[in-house]
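Reading through the C-alpha cells given below for one structure.
The values are calculated or read from the model by the stated rules, or taken from the named source; none is laboratory data. Note that the structure is predicted; figures quoted are calculated from it, not measured. Ideal geometry is used to build each Cβ from the backbone, glycine not excepted, and the neighbour counts take in all protein chains shown.
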Amino acid sequence: MKRVVVGLSGGVDSSVTAYLLKEQGYEVIGLFMKNWHDDSVTISNECPWLEDSNDAMIVAEKLGIPFQTVDLSEEYKERIVDYMFNEYERGRTPNPDVLCNREIKFDVFMKIALSLGADYVATGHYCRKGEIEKDGKKVYQLLAGKDSNKDQSYFLCQLSQEQLSKTLFPIGELTKPEVREIATEQGLVTADKKDSQGLCFIGKVRLPEFLQQKLKPKEGDIVEVPSGNLHYQRNIPVFDSKEAELAFFAEKFSYSPEDGKVVGKHQGAHYFTKGQRKGLNVGGTVEPLFVIDTDVDENIIYTGQGKEHPGLFRRTIFVNNDELHWIREDLQLNEDESMNVKARIRYRQPLQDAVLYRVSSGMYIDFKTPQSAITEGQFVAWYQDDELVGSGVIS
C-alpha cells in the first residue's frame, strides 16, 4: 500500500481528494497547513484558519485517517509574504497563489510529507497529471482539469518534474458539482462549504488592508490620460530584425503628469494594479476609469476611461531568463527558436493564440491579439493543447 499525504485544507475539494484516495486503496494521512498567525497583519476575527482546521479534523475522523496540523507560518512569511511586500513596493503585482504552490505546498509541505514516509502528496486541485516516455525517460505532464470552468493548472505553472513525480490530483477528472455530490453522499461536513476567497494563506483578509500594515499610505494624484493621447498614435518603424520588432511591441508606454489631467487623489500607488477599476473613487466620467499604469516612484496613478482604452492593451510581453520556467524541460527553446502556443496571463482567462520567441536575455510572448491589463509580476503560462508546458514572470 502506497502512502499518500493529503493537504487537507478544510474545504470540499481536499476532503473528496482524501476520500477518493482511500477508496483507491492508498494509506492516507491528512495534514493541515497553518500558514499564518501574525495577528498584527490580519483582521483576526476574519481569519478562518481555526474553523478550517476544525473542519479538516472532522473530515479526517469521518474517513478514519490520521490527522495532524503543521505550522508553516515562518516559511510562509519568509517566502511569500515578504516577497509580496517587496514586489508591491517595486510597483509589481505578485501572484501569491502560484508562489504558495511552488514554495509551500509542493516544497516545504512536500518535504514534511516525504519525511513521514509518504510516496506521494495529493491536493484538491482541478488539474491532471500525465506520464509519457521520451528517449527512455519518464516525463510528467501537467494537464488542465476536466472541468474547464474550474481548471487550476495555471496556479501550478511553476512546478518541476521532480515535484510532479510525487504528486497526485485525484479530482482532476471531476467537475465541481460531481465533487460536491460525492461529499454529500459521504456525509462530509464540507459538502456545502463555500470556496475560500482571498489570499491563499490568510483567508479572508482584504488585500489593500493587508498591504497597509507594511506599506504606509501616502497621498498622490490620479491622472486621467485621454484615449487620443499622442502615445497611442506612434509610427511603427521598419524593423531590421524580429527581435527589434518584438522589443518595440513589448515596450510599455511611459507616462508623465503632462499627458493628462488630475482627476482625484489616492492613498498609495502601490495599492493599485493595472486594469483595476474599483477603489479609485472618481466620479463624473462618461465611462468608468481603469488604471492603465502606476508610478510608485512618483506615487502617481494613470487612468483611462472605459475598458477599451488603448493604454490598457499590449500585444507582446517579455520574461527575463531568471524568471523563465519550463515544466517540460525537454521542450524548452534555444536562442532564436520559436514555438506556437496557447497562453494566458491570468487565472481563468480563455487561452489565447501566441508565439514564443527565445532570445539571449529571455523570451518574448507575442499574442495574436493585444491583451488587456498586462501586469508586471504576474505569471504568463503557455500550453500545447491541454498541457501546461511552461511559465514565467511578466517583466
Counting residues that are of a type in the set (Gly, Ala, Ser), which strands (runs of 3 or more DSSP E) fully inside the stretch 317-395 reach at least 1?
338-344, 352-359, 362-372, 379-384, 387-393
Test for residue 216: is it in contact with a Gly (Cβ under 9 Å, 6 or more places away or on another chain) and either touching a residue at least 40 places away in the same chain (Cβ under 8 Å) or not hydrophobic (A, V, I, L, M, F, W, C) (or both)
yes
Among the listed residues 321, 340, which satisfies the condition of being modelled with pLDDT of 95 or more, out of contact with any Phe, Trp or Tyr (no Cβ under 8 Å at 6 or more places or on another chain), under 19 Å from residue 158 (Cβ atoms) and surrounded by fewer than 16 Cβ atoms within 10 Å (Cβ to Cβ)?
321
For residue 178, indicate whether it is part of a loop (DSSP other than H, G, I, E, B) and acidic (Asp, Glu).
no
Looking for something in contact with an Asp or Glu (Cβ under 6 Å, 6 or more places away or on another chain), assigned by TED's automatic domain parsing to the domain that holds residue 131, in a helix (DSSP H, G or I) and under 17 Å from residue 9 (Cα atoms) - is there at least one such residue anywhere in the stretch 154-161?
yes
Matching residues in the stretch 372-389 (within 22 Å of residue 87 (Cα to Cα) and either touching a Leu at 6+ places or on another chain (Cβ under 9 Å) or of a type outside the set (Asp, Glu) (or both)) number 9
Can you list residue pairs whose Cβ atoms sit under 9 Å apart, with the first residue in the stretch 241-252 being farther than 17 Å from residue 354 by Cβ and the second being among the charged types (D, E, K, R) and not in a helix (DSSP H, G or I)? Count only pairs 6 or more apart in sequence or on different chains.
251/314; 252/293; 252/314; 252/376
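Among the candidates 348, 358, which residue alone is over 19 Å from residue 142 (Cβ atoms) and assigned by TED's automatic domain parsing to the domain that holds residue 328?
Working: 348 fails: over 19 Å from residue 142 (Cβ atoms).
None of the others qualify; the one that does is 358.
So that you can scan it fast, the table gives a plain yes or no per residue for (1) surrounded by fewer than 18 Cβ atoms within 10 Å (Cβ to Cβ); (2) at pLDDT 95 or above:
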{"site": "240", "(1), (2)": "yes, yes"}
{"site": "247", "(1), (2)": "yes, yes"}
{"site": "254", "(1), (2)": "yes, no"}
{"site": "264", "(1), (2)": "yes, yes"}
{"site": "269", "(1), (2)": "no, no"}
{"site": "273", "(1), (2)": "no, no"}
{"site": "285", "(1), (2)": "yes, no"}
{"site": "290", "(1), (2)": "no, yes"}
{"site": "293", "(1), (2)": "no, yes"}
Being touching a helix residue (DSSP H, G or I) at 6+ places or on another chain (Cβ under 7 Å) and over 17 Å from residue 212 (Cα atoms) is the filter here, so list the residues in the stretch 67-87 that pass it.
67, 69, 70, 72, 75, 76, 79
Are any of the residues in the stretch 128-135 crowded, with 17+ Cβ neighbours inside 10 Å, under 24 Å from residue 99 (Cβ atoms) and touching a residue at least 60 places away in the same chain (Cβ under 8 Å)?
no
If the requirement is being in contact with a Pro (Cβ under 9 Å, 6 or more places away or on another chain) and either of a type outside the set (Gly, Ala, Ser) or over 26 Å from residue 189 (Cα atoms) (or both), which of these qualifies: 95, 101, 149, 86?
86
Assigned to a helix (DSSP H, G or I), among the acidic types (Asp, Glu) and touching a helix residue (DSSP H, G or I) at 6+ places or on another chain (Cβ under 7 Å): is that true of residue 97 in this structure?
yes
